[in-house]
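Quick notes on the structure that follows.
The values are calculated or read from the model by the stated rules, or taken from the named source; none is laboratory data. All figures in this text were calculated on a predicted structure; none of them were measured in a lab. Neighbour counts are summed over all protein chains in view; Cβ atoms, including those assigned to glycine, are modelled from backbone coordinates with ideal geometry. These area figures cover heavy atoms from the full protein model, side chains too; ligands, DNA and RNA do not enter into them. Shrake-Rupley method; radii C 1.70, N 1.55, O 1.52, S 1.80 Å.
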Amino acid sequence: MPISSENFDYVRTMARDNAAIVLDPGKEYLVELRLEPLAVTSGFDSLDAMVKSMRDQRTLGDIHLKAIEALTTNETSFFRDLHPFDVMKKTLIPELIVRKSTSKTLNIWSGASSTGQEAYSISMLLLESFPELKDWKVKIIGTDLSNKAVQTAKEGIYSQFEVNRGLPLPMLARYFDKVDDGWQIKEAVRQMVDFRVMNLIKPWPFMARFDIVLMRNVLIYFDMDIKRQILGEIRKTIDPRGFLFLGSSETTLNIDGGWQANRIDRTMVYQLPNDELN
Ligand SMILES: C[S@@+](CC[C@H](N)C(=O)[O-])C[C@H]1O[C@@H](n2cnc3c(N)ncnc32)[C@H](O)[C@@H]1O
C-alpha cells in the first residue's frame, strides 16, 4: 500500500536529520521498497502503522535506527573500480613507505565501509605486495552508519556471489576459509581492520592523522552543505601529505576549494595544497 504523504514527510525529515540521507519528493517508492520488509518483520500490519508508531515515540528507538539502516545503500565489492587500488599499490604505498620509514606507522580509513570489502581489499593488498610492512604499525579503520553492515564486516563472511565480484581467485584461496554459508576472511586479515559504527554527520572521534582516506560512494547521497561539511572534516583529520579517494562519480570541485585534485593514471587522488604543509 502506498505510504501516506504525511508519513513520507516524517521519514524524509528523520532520514535527513539523523543520517543526511536525501529523499526528494518522488522517492516514495524507494521508502516503500526499503521499509515495507522492515514493517513486516517488525510485526506491523502496514508501513503506515510502523511509521505511526515511530512518530508516537519521542526519542529515536531501535525501529528508527533499523529504518535508517534500511534506507542506506550498502552496495560495495572487493577492489571496487580496481584502478584506485592499482594506484595505491604502484605509487602511493611505495611513497608512504619511504616517507614514513622512521615512524613506521601507516593509518588508513575506509569511511562508509559498508560490509567491509573495501577495507579488507586494502589489508590483502598490503599483505600481498608489501611484506616489508610486517614490523610496521599499520592501522586500518572501517566505519559505517549501519550497525548491521559493521557486524557483517567484523564477521567477514561473504557469499559466493560476493567473492566472485572483484576478488582475484588466488586471493580467495589464500585469505579465505570455506564456511557453511560462504567464505570467511581469515582471522589474520580480520585483525588488521578495526570496524566501528560512525555517523559522518555527527562529531568525529579520531585522534589519528590518516595517510589514506577512502570516502567513496557515500557523498553522492548527501546534499551540498553536508558534502562540504564532510570534506572540511576530512581536511582536519587527514595527514597534511595524505591522500583522499572519492567514488568515481564524486569530486571536491565546486564543493570544497581546500583540495588539490591530481590524476594518477585513471584515478583522481585528492590532496591538501602544498601551502598547507607550511
Ligand atoms: C554505497 S556504500 C559505499 C561502500 C564503499 N565505500 C564502496 O565504495 O564500495 C555507502 C555506505 O555509506 C553508508 N552511509 C550512508 N550515510 C552515512 C552516514 N551519515 N554516516 C556514515 N555512513 C553512511 C551506508 O550505510 C553505506 O554502507
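Observations on the model:
- Checking R235, R241, R228 one by one, the residue that is assigned to a helix (DSSP H, G or I), open to solvent by 10 Å² or more (accessible area, probe 1.4 Å) and over 25 Å from E75 (Cα atoms) is R235 and no other.
- Annotation note: Cβ proximity below 6 Å between a residue of region 50-71 that is of a type in the set (D, E) and a residue that is surrounded by 15 or more Cβ atoms within 10 Å (Cβ to Cβ) (sequence gap 6+ or interchain) occurs for E69/S146; E69/K148.
- Screening M268, M207 for residues that are within 20 Å of G142 (Cβ to Cβ), open to solvent by 40 Å² or more (accessible area, probe 1.4 Å), aliphatic (A, V, I, L, M) and outside the structural domain of D24 (by TED's automatic domain parsing) leaves exactly one candidate, M207.
- Pairing each residue of region 199-214 that is part of a loop (DSSP other than H, G, I, E, B) with any residue that is open to solvent by 10 Å² or more (accessible area, probe 1.4 Å) and of a type in the set (G, A, S), provided the two are 6+ apart or on different chains, yields C-beta distances under 9 Å for L200/A112.
- Test: residue in region 169-189 that is closer than 24 Å to I68 by Cβ and either outside the structural domain of I21 (by TED's automatic domain parsing) or not aliphatic (A, V, I, L, M) (or both): no
- Scanning region 244-259 for residues being assigned to a loop (DSSP other than H, G, I, E, B) and within 16 Å of the ligand (Cβ to nearest atom) gives a total of 5.
- The test for being within 16 Å of the ligand (Cβ to nearest atom), open to solvent by 20 Å² or more (accessible area, probe 1.4 Å), part of a helix (DSSP H, G or I) and under 30 Å from T252 (Cβ atoms) holds for I220.
- For V138, the criteria (1) over 26 Å from N164 (Cβ atoms); (2) open to solvent by 60 Å² or more (accessible area, probe 1.4 Å); (3) touching a residue at least 12 places away in the same chain (Cβ under 8 Å) hold in every case but one, which is (2).
- Residues satisfying the stated conditions in region 161-187, i.e. free of Cβ contacts under 8 Å to residues at least 60 places away in the same chain, assigned to a helix (DSSP H, G or I), under 20 Å from Q151 (Cβ atoms) and among the charged types (D, E, K, R): E187
- Boolean, L214 is assigned by TED's automatic domain parsing to the domain that holds Q117 and within 18 Å of S114 (Cα to Cα): yes
- Close pairs (7 angstrom Cβ cut-off, 6 or more residues apart or separate chains): touching a residue at least 24 places away in the same chain (Cβ under 8 Å) in region 16-36, open to solvent by 60 Å² or more (accessible area, probe 1.4 Å) anywhere: N18/L60; I21/Y221; V22/R16; V22/Y221; V22/D223; L23/R12; E28/P2; E32/P2
- Where helices (runs of 4 or more DSSP H) fall entirely within region 1-107, those with at least 2 residues that are open to solvent by 60 Å² or more (accessible area, probe 1.4 Å), not assigned by TED's automatic domain parsing to the domain that holds L125 and not small (G, A, S) are at 5-19, 28-41, 47-56, 62-71.
Matching residues to (1) open to solvent by 70 Å² or more (accessible area, probe 1.4 Å); (2) within 30 Å of I226 (Cβ to Cβ); (3) within 16 Å of the ligand (Cβ to nearest atom):
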{"site": "V163", "(1), (2), (3)": "no, no, yes"}
{"site": "G166", "(1), (2), (3)": "no, yes, yes"}
{"site": "L169", "(1), (2), (3)": "yes, no, no"}
{"site": "A173", "(1), (2), (3)": "yes, no, no"}
{"site": "F176", "(1), (2), (3)": "no, no, no"}
{"site": "D180", "(1), (2), (3)": "yes, no, no"}
{"site": "K186", "(1), (2), (3)": "no, no, no"}
{"site": "D194", "(1), (2), (3)": "no, yes, yes"}
{"site": "M198", "(1), (2), (3)": "no, yes, yes"}
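- Members of region 117-161 that are closer than 15 Å to N74 by Cα, within 13 Å of the ligand (Cβ to nearest atom) and touching a strand residue (DSSP E or B) at 6+ places or on another chain (Cβ under 6 Å): E118, A119, G142, T143, N147, V150, A153
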